[in-house]
Amino acid sequence: MNRKENGGDSLQPTDIPSTGIEPKQEMAELPEAGPEDANASVPMARENEKAKAVEAIKQQVDADGSPWLSVDHEPRTEEAASSVAVKSVSVKKPQSFFGERPLPAIEMAPRVLFHQSRRDFLVLGAGALAALTSAGFLLPQDTLSRMGIDRNMDSPGKEWFLNKALRIDDDVAEALYSGTRRVPTYTKSQITPLKNNYNGATPDLGYISGWKLTLDGLASGLSISLDIRNLLTRFPMQEQITRLVCVEGWSAIAWWAGLRFDDLLRAYSPMSQAKWASVESSVNLDASGNPDPYFMSLDLATARHRQTLLATHFNGQPLTVDHGAPLRLLVPVKLGLKNVKAITRITYVAEEPRDYWAERGYSRYDGI
(Lines give C-alpha, C1' and ligand atoms only; values in the text may rest on other atoms or scores of the structure.)
Protein backbone atom coordinates (compact mmCIF):
# COMPACT_ATOMS: atom_id res chain seq x y z
CA MET A 1 0.00 0.00 0.00
CA ASN A 2 1.43 3.34 -0.99
CA ARG A 3 1.16 6.58 0.95
CA LYS A 4 -1.37 8.06 -1.33
CA GLU A 5 -3.87 5.45 -0.46
CA ASN A 6 -3.57 6.23 3.20
CA GLY A 7 -4.25 9.91 3.05
CA GLY A 8 -1.66 11.44 0.89
CA ASP A 9 1.44 12.89 2.55
CA SER A 10 0.12 12.85 6.23
CA LEU A 11 2.32 10.88 8.58
CA GLN A 12 1.06 8.40 11.06
CA PRO A 13 2.04 8.73 14.67
CA THR A 14 3.96 5.55 14.51
CA ASP A 15 6.12 7.00 11.80
CA ILE A 16 7.25 10.07 13.84
CA PRO A 17 10.57 9.48 15.53
CA SER A 18 10.72 9.90 19.36
CA THR A 19 12.37 13.20 20.42
CA GLY A 20 11.41 13.38 24.17
CA ILE A 21 9.28 16.52 23.57
CA GLU A 22 5.71 16.53 24.76
CA PRO A 23 2.98 17.16 22.16
CA LYS A 24 2.40 20.76 21.35
CA GLN A 25 -1.22 20.76 22.34
CA GLU A 26 -0.29 19.85 25.97
CA MET A 27 2.23 22.71 26.19
CA ALA A 28 -0.40 25.08 24.90
CA GLU A 29 -2.62 24.36 27.93
CA LEU A 30 -0.14 26.09 30.29
CA PRO A 31 -0.23 29.89 30.57
CA GLU A 32 2.50 31.52 28.69
CA ALA A 33 5.05 33.32 30.82
CA GLY A 34 6.45 36.56 29.60
CA PRO A 35 10.09 37.50 29.91
CA GLU A 36 9.51 39.68 33.05
CA ASP A 37 7.72 36.89 34.95
CA ALA A 38 10.42 34.42 34.19
CA ASN A 39 13.14 36.71 35.52
CA ALA A 40 11.24 37.81 38.75
CA SER A 41 11.22 34.32 40.27
CA VAL A 42 15.00 34.33 40.87
CA PRO A 43 15.17 37.44 43.18
CA MET A 44 12.18 36.21 45.16
CA ALA A 45 13.89 32.91 45.84
CA ARG A 46 17.02 34.70 46.93
CA GLU A 47 15.06 36.99 49.25
CA ASN A 48 13.38 33.97 50.84
CA GLU A 49 16.77 32.30 51.42
CA LYS A 50 18.18 35.51 52.90
CA ALA A 51 15.22 35.86 55.31
CA LYS A 52 15.66 32.25 56.42
CA ALA A 53 19.41 32.84 57.04
CA VAL A 54 18.77 35.95 59.14
CA GLU A 55 16.11 34.13 61.16
CA ALA A 56 18.54 31.27 61.80
CA ILE A 57 21.17 33.71 63.09
CA LYS A 58 18.65 35.44 65.36
CA GLN A 59 17.48 32.14 66.86
CA GLN A 60 21.06 31.03 67.49
CA VAL A 61 22.06 34.31 69.18
CA ASP A 62 18.90 34.37 71.29
CA ALA A 63 19.63 30.84 72.43
CA ASP A 64 23.09 31.92 73.62
CA GLY A 65 21.53 34.70 75.71
CA SER A 66 23.63 37.38 73.99
CA PRO A 67 22.47 40.81 72.82
CA TRP A 68 20.93 40.99 69.34
CA LEU A 69 23.47 41.53 66.63
CA SER A 70 22.63 43.96 63.84
CA VAL A 71 22.47 42.47 60.34
CA ASP A 72 22.86 44.66 57.30
CA HIS A 73 20.20 44.44 54.70
CA GLU A 74 22.37 44.79 51.63
CA PRO A 75 21.63 42.08 49.11
CA ARG A 76 24.08 39.22 49.27
CA THR A 77 25.13 36.73 46.71
CA GLU A 78 23.59 33.33 46.79
CA GLU A 79 26.84 31.83 48.07
CA ALA A 80 27.13 34.38 50.93
CA ALA A 81 23.53 33.80 52.01
CA SER A 82 23.95 30.07 52.10
CA SER A 83 27.21 30.33 54.05
CA VAL A 84 25.54 32.54 56.70
CA ALA A 85 22.73 30.05 57.06
CA VAL A 86 25.15 27.20 57.64
CA LYS A 87 27.55 28.89 60.11
CA SER A 88 26.35 29.23 63.73
CA VAL A 89 27.15 32.21 65.95
CA SER A 90 28.82 31.27 69.24
CA VAL A 91 29.31 33.89 71.96
CA LYS A 92 31.75 32.74 74.70
CA LYS A 93 30.72 33.84 78.17
CA PRO A 94 33.58 35.29 80.27
CA GLN A 95 34.55 33.20 83.29
CA SER A 96 34.83 34.98 86.66
CA PHE A 97 38.34 35.21 88.08
CA PHE A 98 37.08 34.00 91.46
CA GLY A 99 34.74 31.42 89.98
CA GLU A 100 35.05 27.85 91.09
CA ARG A 101 37.07 25.76 88.69
CA PRO A 102 37.03 22.00 88.48
CA LEU A 103 39.90 20.30 90.29
CA PRO A 104 42.40 18.67 87.99
CA ALA A 105 42.55 14.92 88.12
CA ILE A 106 45.88 13.67 89.46
CA GLU A 107 46.97 10.21 88.59
CA MET A 108 49.63 8.53 90.69
CA ALA A 109 51.13 5.12 90.56
CA PRO A 110 50.35 2.92 93.61
CA ARG A 111 54.03 2.55 94.42
CA VAL A 112 54.58 6.33 94.46
CA LEU A 113 51.46 6.84 96.60
CA PHE A 114 52.70 4.26 99.09
CA HIS A 115 56.08 5.96 99.53
CA GLN A 116 54.48 9.41 99.85
CA SER A 117 52.01 8.20 102.50
CA ARG A 118 54.84 6.55 104.42
CA ARG A 119 56.87 9.76 104.33
CA ASP A 120 53.90 11.84 105.58
CA PHE A 121 53.37 9.40 108.44
CA LEU A 122 57.03 9.65 109.48
CA VAL A 123 56.95 13.45 109.37
CA LEU A 124 53.77 13.50 111.49
CA GLY A 125 55.34 11.14 114.02
CA ALA A 126 58.49 13.26 114.25
CA GLY A 127 56.39 16.40 114.80
CA ALA A 128 54.38 14.72 117.57
CA LEU A 129 57.58 13.55 119.26
CA ALA A 130 59.04 17.06 119.09
CA ALA A 131 55.84 18.50 120.60
CA LEU A 132 55.96 16.02 123.49
CA THR A 133 59.62 16.80 124.10
CA SER A 134 58.89 20.53 124.13
CA ALA A 135 55.97 20.00 126.52
CA GLY A 136 58.25 18.02 128.80
CA PHE A 137 60.74 20.87 128.73
CA LEU A 138 58.18 23.61 129.40
CA LEU A 139 55.66 22.03 131.78
CA PRO A 140 56.13 22.51 135.56
CA GLN A 141 57.81 19.64 137.37
CA ASP A 142 54.68 18.96 139.47
CA THR A 143 52.65 18.47 136.28
CA LEU A 144 55.28 16.15 134.84
CA SER A 145 55.27 14.10 138.06
CA ARG A 146 51.52 13.64 137.85
CA MET A 147 52.04 12.39 134.29
CA GLY A 148 54.46 9.74 135.57
CA ILE A 149 57.66 11.56 134.52
CA ASP A 150 59.89 11.62 137.60
CA ARG A 151 62.96 13.03 135.92
CA ASN A 152 63.72 16.59 137.03
CA MET A 153 63.55 18.76 133.91
CA ASP A 154 63.91 22.13 135.64
CA SER A 155 66.86 24.12 134.32
CA PRO A 156 68.04 27.72 133.90
CA GLY A 157 67.35 27.38 130.17
CA LYS A 158 63.72 26.51 130.81
CA GLU A 159 63.21 29.56 133.05
CA TRP A 160 65.00 31.80 130.53
CA PHE A 161 62.83 30.58 127.67
CA LEU A 162 59.56 31.11 129.54
CA ASN A 163 60.60 34.57 130.72
CA LYS A 164 61.63 35.50 127.19
CA ALA A 165 58.27 34.42 125.77
CA LEU A 166 56.47 36.37 128.48
CA ARG A 167 58.58 39.44 127.79
CA ILE A 168 57.67 39.36 124.09
CA ASP A 169 54.02 39.76 125.08
CA ASP A 170 54.96 42.73 127.27
CA ASP A 171 56.97 44.32 124.46
CA VAL A 172 54.03 44.07 122.05
CA ALA A 173 51.58 45.55 124.59
CA GLU A 174 53.99 48.39 125.38
CA ALA A 175 54.53 49.15 121.69
CA LEU A 176 50.76 49.37 121.14
CA TYR A 177 50.23 51.72 124.11
CA SER A 178 49.03 55.22 123.29
CA GLY A 179 48.40 58.02 125.76
CA THR A 180 45.53 59.26 123.62
CA ARG A 181 43.76 55.91 123.36
CA ARG A 182 41.03 55.48 125.96
CA VAL A 183 39.26 52.36 127.08
CA PRO A 184 35.47 52.27 126.60
CA THR A 185 33.27 53.98 129.18
CA TYR A 186 29.77 52.88 130.19
CA THR A 187 26.52 54.17 131.68
CA LYS A 188 25.29 53.60 135.23
CA SER A 189 22.70 51.13 133.95
CA GLN A 190 25.57 48.93 132.78
CA ILE A 191 27.31 48.68 136.18
CA THR A 192 27.89 45.09 137.35
CA PRO A 193 28.82 43.70 140.82
CA LEU A 194 32.50 43.85 141.77
CA LYS A 195 33.66 41.16 144.17
CA ASN A 196 36.28 41.56 146.87
CA ASN A 197 39.33 40.02 145.24
CA TYR A 198 41.96 40.97 147.81
CA ASN A 199 45.26 39.17 147.46
CA GLY A 200 45.19 37.19 150.70
CA ALA A 201 43.03 38.17 153.64
CA THR A 202 41.11 41.44 153.81
CA PRO A 203 42.89 43.83 156.24
CA ASP A 204 41.19 44.95 159.41
CA LEU A 205 39.79 48.48 159.08
CA GLY A 206 41.84 49.67 162.09
CA TYR A 207 44.59 50.89 159.79
CA ILE A 208 42.38 53.59 158.24
CA SER A 209 42.52 55.99 161.20
CA GLY A 210 46.31 56.38 160.95
CA TRP A 211 46.55 56.10 157.15
CA LYS A 212 48.90 58.37 155.19
CA LEU A 213 50.27 58.41 151.64
CA THR A 214 54.06 58.89 151.47
CA LEU A 215 55.71 60.27 148.30
CA ASP A 216 59.41 59.59 147.63
CA GLY A 217 61.78 60.20 144.73
CA LEU A 218 60.60 63.76 144.20
CA ALA A 219 62.48 66.46 142.35
CA SER A 220 62.60 68.44 145.58
CA GLY A 221 64.46 65.64 147.30
CA LEU A 222 61.87 65.68 150.09
CA SER A 223 59.60 62.95 151.38
CA ILE A 224 55.98 64.11 151.55
CA SER A 225 53.13 62.61 153.61
CA LEU A 226 49.50 63.32 152.71
CA ASP A 227 46.31 62.23 154.42
CA ILE A 228 42.99 61.62 152.69
CA ARG A 229 41.74 65.11 153.59
CA ASN A 230 44.71 66.71 151.80
CA LEU A 231 43.92 64.75 148.67
CA LEU A 232 40.19 65.45 148.67
CA THR A 233 40.51 69.19 149.23
CA ARG A 234 43.50 69.98 147.00
CA PHE A 235 42.67 68.05 143.83
CA PRO A 236 39.57 68.12 141.61
CA MET A 237 37.49 64.95 141.58
CA GLN A 238 37.10 62.98 138.36
CA GLU A 239 34.48 60.31 137.66
CA GLN A 240 34.42 57.47 135.16
CA ILE A 241 32.60 54.20 134.61
CA THR A 242 35.07 51.68 133.22
CA ARG A 243 35.71 47.95 133.16
CA LEU A 244 38.15 46.30 135.56
CA VAL A 245 39.71 43.23 133.93
CA CYS A 246 41.21 40.55 136.18
CA VAL A 247 44.03 38.24 135.11
CA GLU A 248 41.91 35.35 136.39
CA GLY A 249 39.50 35.82 133.47
CA TRP A 250 36.61 37.81 134.94
CA SER A 251 35.73 41.50 134.64
CA ALA A 252 33.30 44.03 136.12
CA ILE A 253 32.01 47.49 135.23
CA ALA A 254 32.16 49.97 138.11
CA TRP A 255 31.71 53.66 138.80
CA TRP A 256 34.88 55.23 140.19
CA ALA A 257 35.79 58.71 141.41
CA GLY A 258 39.05 60.24 142.61
CA LEU A 259 41.98 62.40 141.57
CA ARG A 260 43.99 61.88 138.42
CA PHE A 261 47.42 60.42 138.99
CA ASP A 262 48.68 63.00 136.48
CA ASP A 263 47.44 65.82 138.76
CA LEU A 264 49.48 64.36 141.63
CA LEU A 265 52.56 64.16 139.38
CA ARG A 266 52.15 67.82 138.42
CA ALA A 267 51.75 68.94 142.03
CA TYR A 268 54.64 66.84 143.33
CA SER A 269 57.06 66.42 140.45
CA PRO A 270 59.25 63.31 140.36
CA MET A 271 63.00 63.58 139.87
CA SER A 272 64.03 64.28 136.28
CA GLN A 273 65.44 60.79 135.54
CA ALA A 274 62.39 58.98 136.91
CA LYS A 275 60.55 56.70 134.46
CA TRP A 276 58.77 54.38 136.88
CA ALA A 277 56.64 54.47 139.98
CA SER A 278 56.75 51.82 142.68
CA VAL A 279 53.28 51.64 144.25
CA GLU A 280 53.10 49.84 147.62
CA SER A 281 50.59 48.73 150.24
CA SER A 282 52.09 47.97 153.65
CA VAL A 283 48.75 46.82 155.09
CA ASN A 284 48.34 43.88 152.69
CA LEU A 285 48.01 40.42 154.31
CA ASP A 286 48.57 36.87 153.09
CA ALA A 287 45.89 34.17 153.16
CA SER A 288 46.75 33.38 156.79
CA GLY A 289 46.37 37.01 157.90
CA ASN A 290 50.08 37.70 158.25
CA PRO A 291 51.67 40.90 156.91
CA ASP A 292 52.48 40.50 153.20
CA PRO A 293 53.41 43.92 151.73
CA TYR A 294 52.23 44.34 148.15
CA PHE A 295 54.33 46.27 145.62
CA MET A 296 53.84 46.92 141.93
CA SER A 297 55.72 48.69 139.11
CA LEU A 298 53.97 51.25 136.93
CA ASP A 299 55.58 53.18 134.08
CA LEU A 300 55.05 56.93 134.32
CA ALA A 301 53.57 57.08 130.80
CA THR A 302 50.67 54.94 132.04
CA ALA A 303 50.48 56.91 135.30
CA ARG A 304 49.89 60.06 133.24
CA HIS A 305 47.07 58.50 131.20
CA ARG A 306 43.85 60.52 131.58
CA GLN A 307 41.92 57.48 132.81
CA THR A 308 44.45 56.50 135.50
CA LEU A 309 42.96 57.51 138.86
CA LEU A 310 43.89 57.43 142.52
CA ALA A 311 40.34 56.43 143.45
CA THR A 312 38.65 57.50 146.67
CA HIS A 313 35.02 56.59 145.84
CA PHE A 314 33.26 53.52 144.45
CA ASN A 315 29.70 53.62 143.02
CA GLY A 316 29.09 57.06 144.52
CA GLN A 317 30.29 56.21 148.05
CA PRO A 318 33.68 56.42 149.81
CA LEU A 319 35.76 53.30 149.33
CA THR A 320 35.22 50.46 151.76
CA VAL A 321 37.99 48.20 153.06
CA ASP A 322 36.93 45.48 150.60
CA HIS A 323 37.79 47.78 147.71
CA GLY A 324 40.97 49.39 149.08
CA ALA A 325 39.96 52.27 151.35
CA PRO A 326 40.88 55.01 151.63
CA LEU A 327 42.94 55.22 148.39
CA ARG A 328 43.50 52.71 145.61
CA LEU A 329 45.04 52.77 142.16
CA LEU A 330 42.75 52.41 139.17
CA VAL A 331 44.47 51.74 135.82
CA PRO A 332 41.85 50.72 133.22
CA VAL A 333 44.54 50.09 130.57
CA LYS A 334 46.18 47.46 132.82
CA LEU A 335 45.06 44.16 134.29
CA GLY A 336 43.56 44.17 137.78
CA LEU A 337 46.73 43.00 139.52
CA LYS A 338 48.21 46.46 138.81
CA ASN A 339 45.30 48.17 140.58
CA VAL A 340 46.82 48.28 144.07
CA LYS A 341 44.41 48.57 147.01
CA ALA A 342 45.09 50.62 150.15
CA ILE A 343 48.14 52.45 148.77
CA THR A 344 50.55 53.64 151.47
CA ARG A 345 53.63 54.70 149.44
CA ILE A 346 54.58 55.87 145.94
CA THR A 347 58.27 56.06 145.00
CA TYR A 348 59.59 57.43 141.69
CA VAL A 349 62.68 55.69 140.27
CA ALA A 350 64.76 55.61 137.09
CA GLU A 351 64.92 51.81 136.69
CA GLU A 352 62.02 49.38 136.68
CA PRO A 353 61.33 48.48 140.32
CA ARG A 354 60.33 45.17 141.87
CA ASP A 355 56.89 43.80 141.09
CA TYR A 356 55.02 41.38 143.37
CA TRP A 357 53.54 39.16 140.67
CA ALA A 358 56.43 39.45 138.22
CA GLU A 359 58.61 37.85 140.90
CA ARG A 360 56.11 34.98 140.96
CA GLY A 361 56.22 34.32 137.23
CA TYR A 362 53.62 36.77 135.92
CA SER A 363 54.05 39.48 133.29
CA ARG A 364 55.47 42.87 134.26
CA TYR A 365 53.68 45.19 131.87
CA ASP A 366 50.20 43.62 132.02
CA GLY A 367 48.64 45.91 129.43
CA ILE A 368 45.23 45.31 127.82
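Quick one: in the range 314-347, of everything that is in contact with an Asp or Glu (Cβ under 7 Å, 6 or more places away or on another chain) and of a type outside the set (A, V, I, L, M), which residue is farthest from GLY179 (Cα to Cα)?
THR344
Filter the range 279-338 down to the residues that are aliphatic (A, V, I, L, M) and closer than 15 Å to LEU259 by Cα and list them by number.
Residues satisfying the conditions are ALA303, LEU309, LEU310, ALA311, LEU319, ALA325, LEU327, LEU329, LEU330, VAL331.
In this structure, is TYR365 of a type outside the set (A, V, I, L, M) and more than 38 Å from the chain's Cα centre (by Cα)?
no
Kindly list, by first and then second residue, each pair from a residue in the range 311-326 that is at positive phi to a residue that is in a loop (DSSP other than H, G, I, E, B), limited to pairs with Cβ atoms under 9 Å and residues at least 6 apart or on different chains.
Filtered contacts from the range 311-326: ASN315/ILE191; ASN315/LEU194; GLY324/TYR198; GLY324/ASN339; GLY324/VAL340; GLY324/LYS341; GLY324/ALA342; GLY324/ILE343.
Anything in the range 336-360 that is within 36 Å of the chain's Cα centre (by Cα), open to solvent by 30 Å² or more (accessible area, probe 1.4 Å) and in contact (Cβ under 8 Å) with a residue 12 or more places away in the chain? List them, or say none.
Once the filter is applied, which keeps residues that are within 36 Å of the chain's Cα centre (by Cα), open to solvent by 30 Å² or more (accessible area, probe 1.4 Å) and in contact (Cβ under 8 Å) with a residue 12 or more places away in the chain, the range 336-360 yields GLU352, TRP357.
For the range 269-327, which positions are open to solvent by less than 70 Å² (accessible area, probe 1.4 Å), more than 18 Å from LEU244 (Cα to Cα), among the hydrophobic types (A, V, I, L, M, F, W, C) and part of a loop (DSSP other than H, G, I, E, B)?
MET271, ALA274, VAL283
Quick grid of which residues meet (1) among the hydroxyl-bearing types (Ser, Thr, Tyr); (2) open to solvent by less than 50 Å² (accessible area, probe 1.4 Å); (3) in the same structural domain as ALA342 (by TED's automatic domain parsing); (4) not in a helix (DSSP H, G or I):
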| residue | (1), (2), (3), (4) |
| --- | --- |
| SER220 | yes, no, yes, yes |
| SER225 | yes, no, yes, yes |
| PRO236 | no, no, yes, yes |
| ARG243 | no, no, yes, yes |
| GLU248 | no, no, yes, yes |
| ALA254 | no, yes, yes, yes |
| ASP263 | no, yes, yes, no |
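Go through the range 285-298 and report how many residues are closer than 17 Å to LEU330 by Cα and in contact (Cβ under 8 Å) with a residue 60 or more places away in the chain.
Selection size over the range 285-298: 4.
The values are calculated or read from the model by the stated rules, or taken from the named source; none is laboratory data. What you see is a predicted model, and the numbers here were worked out from it, not measured in a lab. Note: ideal-geometry Cβ built from the backbone for every residue, glycine included; neighbour counts use all protein chains shown. Surface areas here come from the heavy atoms of the whole protein model, side chains and all, with no ligands, DNA or RNA. Shrake-Rupley method; radii C 1.70, N 1.55, O 1.52, S 1.80 Å.
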